[in-house]
Amino acid sequence: MLPIWLLLLTVAWTASLFAADEATPPPQGLELQPAEVTLHGPRARQQLIVTGRWSETDLRDVTPQVQWSSADPSIATVAEGVVHPVANGETTVSASLGNLTATIAVRVAAVEEPAPITFHTEVLGALTQAGCNMGACHGSPSGKGGFRLSLRGYDPPLDILTLKREFGGRRVNLLEPDQSLLLKKPLMEVSHGGGKRFRPGDPAHFVLREWIAAGMPIDGDDAPRLVRLEVLPKQRIFQPAATRQQLVALGHFSDGTIRDLTPLTVFSSSAEAVATVSPTGLVEKQGRGEAAILARYLDKMDTAEITFLEEVPGFRWNDSPEFNFIDTLVNAKLRQLQILPSDLCSDSEFLRRVSLDVAGRLPTVEETLAFHNDPAADKRARLIDALLDSPDYASFWALKLADVLRSNSGNLKPVGVAKFQQWLYESVYRDQPMDEFARELLTAGGSVYENPPASYWRASREPSDATETTAQLFLGVRIQCAKCHNHPFERWTQDNYYGIAAAFARVGRKNSPDADDEIIFVKPDGEVTQPRTGQTMKVHLLLSGDVDVPPEVDRRQVFADWLTRPDNPFFARSLVNRFWGHLLGRGIVEPVDDFRDSNPPTNVPLLDELARQFVAHGYSRKWLLRTILNSHTYQRSARTNPFNAEDDLYFSHAATRMLTAEQLLDSICAVTGVPEKFDGAPAGFRATQLLEPPTDNYFLKVFGQPQRQMACECERSNESNLAQALQMINGPTVHNKLRDDSGRIKKLLDAGRSDEEIIRELYLAAVCREPTTAELAAAQQHLAAAGENRRWALEDIGWAILNTKEFLFQH
């Protein structure tokens with residue numbers, strides 16, 4: 001008999017459950033997934049998902065709430081949503097909730113056939129799901145405790161050797177499987193540095209134990225191989241009442257069978273503050289927002305996009321203006337997530353922001369006054385056009401390209417840097433289409449001095465270097481990890497990596513009569529060998545497959561033609577994301593060159609539409625920049641409201657970010673009126689116009705100027721540190737320029753300008769606005785206290801302005 005306290009607790013819990021059921025109306029319909037089930041073999045199983053539909057937009061996972069039944073339990077049984085085979089034949093399985101029922105067909109086959117544990121699929125899957133072959137465990141290059149596995153099972157022959165033959169097979173006990181170290185350690189029955197990895201009866205434990213008990217058989221060459229992983233449901237947008245979603249991982253095999261791989265699939269969430277996922281694939285809500293749930297089984301991956309919505313108290317859409325399609329798509333996401341966008345930024349903020357983003361410099365005082373005094377309604381659009389047509393735009397964006405294309409004297413020689421920079425400048429200035437730009441770089445040959453795009457191959461001297469650089473720059477893929485093993489967080493394999501490298505294996509280089517010049521040419525031979533398999537690789541095009549290239553055809557041309565096709569799934573999306581990231585402070589995918597399943601875009605429709613229209617407009621940089629710059633999204637204020645203060649993903653407000661090293665130095669020079677002197681550069685040259693980073697400028701180095709050693713945006717540091725603060729507070733750059741006799745303050749004093757006029761000009765020069773009443777009063781009070789030291793006091797005011805966040809940050 002139950003104790004009275006437990007009986008009362010049970011009654012109370014049951015009453016609350018029924019009360020909740022009465023308060024919640026029943027769903028209008030039920031849906032079962034997968035839509036049909038085929039169980040092949042005696043060990044087959046299938047997890048089912050039941051979705052309740054309350055409305056077209058209100059879907060909920062009701063899998064644990066339904067009543068399950070099988071029309072013929074002698075064929076198949078079902079319990080807790082999992083179907084198991086009993087005998088060959090066909091039946092149906094039903095899920096019922098209230099007066100609603102959903103039914104699917106179930107076919108059972110090959111129950112009488114043996115179903116041995118498969119090494120390549122199940123054993124390696126179990127080791128991966130248990131975490132035994134992670135990089136931090138036995139999957140590290142040297143292993144752990146003398147036991148080494150290949151990282152996530154990418155090298156089955158090594159794992160076979162390690163498990164079956166190494167150390168005389170002492171890790172397993174075929175006669176008494178439960179005494180095998182391979183089981184006892186992860187069960188923590190024997191001391192194990194990796195801790196407890198599974199429990200008795202867990203899927204991974206079952207597979208490994210049964211495999212050992214069967215004598216550790218290895219699959220034959222004709223055994224079905226996993227071709228594709230599919231996760232269900234693929235996408236869900238949940239209203240506030242929904243808090244969970246069971247996922248199912250289906251494996252599609254080379255023999256046409258589909259198997260439920262959920263128990264051994266590794267699940268992970270891209271945003272655990274929004275959604276967590278259990279080892280069994282149960283997603284649970286943690287907060288409002290979006291998360292990509294990555295399902296990984298060996299080298300196959302798929303993702304489910306999960307969104308949890310909430311009712312935000314007091315939220316009311318503010319009908320934020322939509323200047324173009326960008327705003328429509330951004331606002332749709334914000335409205336869905338109940339994030340209120342900020343208002344339009346002020347003219348002063350816009351002028352400063354767009355001048356720095358497009359031309360890399362502050363506007364002059366004259367430009368600022370002209371803009372403020374312009375009454376035209378379209379003055380922002382006209383300013384954008386003027387900036388995009390300016391030489392400063394070409395210089396600044398050529399600098400950005402030169403950074404990631406690794407244009408430095410060590411790679412290209414000084415003359416090569418100058419010629420390459422001029423080519424980049426002209427490419428930007430004349431708005432060379434980006435597909436043409438990429439094709440010209442990737443297929444360039446001849447003298448690097450006479451044909452500067454060929455410098456791409458002077459900087460990328462090995463096929464592996466060219467592979468990694470090209471993938472990161474033009475595909476947005478960091479494929480480096482796949483050089484030594486299959487990528488741990490992405491679908492890319494070693495075969496993919498070395499297949500791309502094969503496209504660049506025949507790039508030859510020879511000396512020119514000019515000792516510093518170099519000739520790039522196509523060699524008649526040159527192959528790439530996959531180091532693990534020893535296979536000579538064909539040219540590989542991601543998601544398209546291997547291609548046979550005739551000997552007389554330049555393999556680079558084949559790759560470039562594929563890359564720049566309008567339907568290429570990488571090129572346009574990676575480029576628009578990179579441009580977006582420069583202008584908005586973060587990419588739709590962030591980092592901007594790290595596209596992967598586990599790092600999804602924050603707004604897929606926006607990224608896709610930008611890419612589609614970018615292609616439709618001939619890959620025009622100016623079209624792309626102009627479109628983004630003219631959007632309300634770009635022109636929003638950095639000032640937040642209570643509904644978007646915590647948003648740093650969905651572009652509801654402008655992102656504040658520190659000026660780049662070159663922008664900051666040029667801005668200090670512009671405000672003080674004292675240009676920086678760079679060795680070998682003409683007088684008055686700005687940092688954004690330099691051919692390459694100087695080696696002797698401490699200020700630029702401290703503020704994160706890259707040395708152009710990597711084809712990665714990450715080489716440029718935008719992190720603040722103590723050395724930067726010291727440079728601004730008492731460093732020689734700021735101090736000497738403020739005190740310079742040829743500077744702005746001294747010239748204004750010599751011209752007889754009043755204190756108020758000088759203060760106003762300093763503010764206009766630095767932050768593109770007049771000082772506020774309080775700021776002007778504080779400055780005048782400081783001047784009054786300084787007495788005869790007027791110049792020093794004005795220099796103090798200049799120093800104070802240069803050290804404000806408003807000056808130091810882009811906003």
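The values are calculated or read from the model by the stated rules, or taken from the named source; none is laboratory data. All of these numbers come straight from a predicted model, not from anything done at the bench. Here the Cβ is made from the backbone with ideal geometry for all residues, glycine too, and neighbour counts use every protein chain on show. For accessibility, only protein heavy atoms count, side chains too; no ligands or nucleic acids. Shrake-Rupley method; radii C 1.70, N 1.55, O 1.52, S 1.80 Å.
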Of the conditions (1) at positive phi; (2) surrounded by fewer than 16 Cβ atoms within 10 Å (Cβ to Cβ), the single one that GLY131 does not satisfy is (2)
Quick count over the stretch 364-376, residues being open to solvent by 20 Å² or more (accessible area, probe 1.4 Å) and outside any loop (DSSP other than H, G, I, E, B), is 5
Per the filter on the stretch 260-290, residues open to solvent by less than 20 Å² (accessible area, probe 1.4 Å) and in a helix (DSSP H, G or I) are THR262, LEU264
Considering only the stretch 162-176, I want to know if a residue exists there that is touching a Leu at 6+ places or on another chain (Cβ under 7 Å), touching a residue at least 60 places away in the same chain (Cβ under 8 Å) and polar (S, T, N, Q).
no
Pairing a residue in the stretch 325-340 that is touching a residue at least 24 places away in the same chain (Cβ under 8 Å) with any residue that is part of a helix (DSSP H, G or I), where Cβ atoms lie under 7 Å and the two sit 6 or more apart in sequence or on different chains, gives PHE325/GLU609; ILE326/LEU606; ILE326/THR627; ILE326/ILE628; LEU329/PRO605; LEU329/LEU606; LEU329/GLU609; VAL330/LEU606
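Out of curiosity, is ARG626 touching a Leu at 6+ places or on another chain (Cβ under 7 Å), open to solvent by 30 Å² or more (accessible area, probe 1.4 Å) and within 20 Å of GLU349 (Cα to Cα)? Break it down into steps so the answer makes sense when it comes.
Values: touching a Leu at 6+ places or on another chain (Cβ under 7 Å): yes; open to solvent by 30 Å² or more (accessible area, probe 1.4 Å): yes; within 20 Å of GLU349 (Cα to Cα): yes.
Judged against the criteria, ARG626 is a match.
Scan the helices (runs of 4 or more DSSP H) fully inside the stretch 377-455 and keep the ones with 1 or more residues being surrounded by 20 or more Cβ atoms within 10 Å (Cβ to Cβ), aromatic (Phe, Trp, Tyr) and modelled with pLDDT of 95 or more. Spell out how you get there, then give the answer.
Values: elements: 379-388, 391-404, 409-429, 434-442.
Once the helices (runs of 4 or more DSSP H) in the stretch 377-455 are filtered for at least 1 residues that are surrounded by 20 or more Cβ atoms within 10 Å (Cβ to Cβ), aromatic (Phe, Trp, Tyr) and modelled with pLDDT of 95 or more, what remains is 391-404, 409-429, 434-442.
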Those residues of the stretch 438-456 which are touching a residue at least 60 places away in the same chain (Cβ under 8 Å) and in contact with a Lys or Arg (Cβ under 7 Å, 6 or more places away or on another chain) amount to LEU442, THR443, VAL448, TYR449
Of the residues in the stretch 787-811, those that are farther than 24 Å from GLY360 by Cβ and open to solvent by less than 60 Å² (accessible area, probe 1.4 Å) come to GLY787, ALA793, LEU794, GLU795, ILE797, ALA800
How many residues of the stretch 323-377 are of a type in the set (Lys, Arg) and touching a Leu at 6+ places or on another chain (Cβ under 7 Å)? The answer is 1
Taking the stretch 724-746 and keeping residues open to solvent by 70 Å² or more (accessible area, probe 1.4 Å) and closer than 28 Å to THR660 by Cβ leaves LEU726, ILE729, ASN730, PRO732, HIS735, ASN736, ARG739
When every residue in the stretch 134-154 that is under 18 Å from TRP211 (Cβ atoms) and part of a loop (DSSP other than H, G, I, E, B) is compared, the one most open to solvent (accessible area, probe 1.4 Å) is HIS138
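Every residue in the stretch 684-725 that is among the acidic types (Asp, Glu) and assigned to a helix (DSSP H, G or I), please.
Step one: list which residues in the stretch 684-725 are among the acidic types (Asp, Glu), which gives 692, 696, 713, 715, 719.
Those that are among the acidic types (Asp, Glu) and assigned to a helix (DSSP H, G or I): GLU713, GLU715.
I'd like the residue in the stretch 1-57 that is among the β-branched types (Val, Ile, Thr), modelled with pLDDT of 75 or more and farther than 30 Å from GLU112 by Cβ and, out of all such residues, is surrounded by the fewest Cβ atoms within 10 Å (Cβ to Cβ).
First pass over the stretch 1-57, keeping only residues among the β-branched types (Val, Ile, Thr): 4, 10-11, 14, 24, 37-38, 49-51, 57.
Restricting the remaining residues to those that are modelled with pLDDT of 75 or more gives 37-38, 49-51, 57.
Among the residues that remain, those that are also farther than 30 Å from GLU112 by Cβ are: 50-51, 57.
Values: VAL50: 24, THR51: 21, THR57: 11.
Selected residue: THR57.
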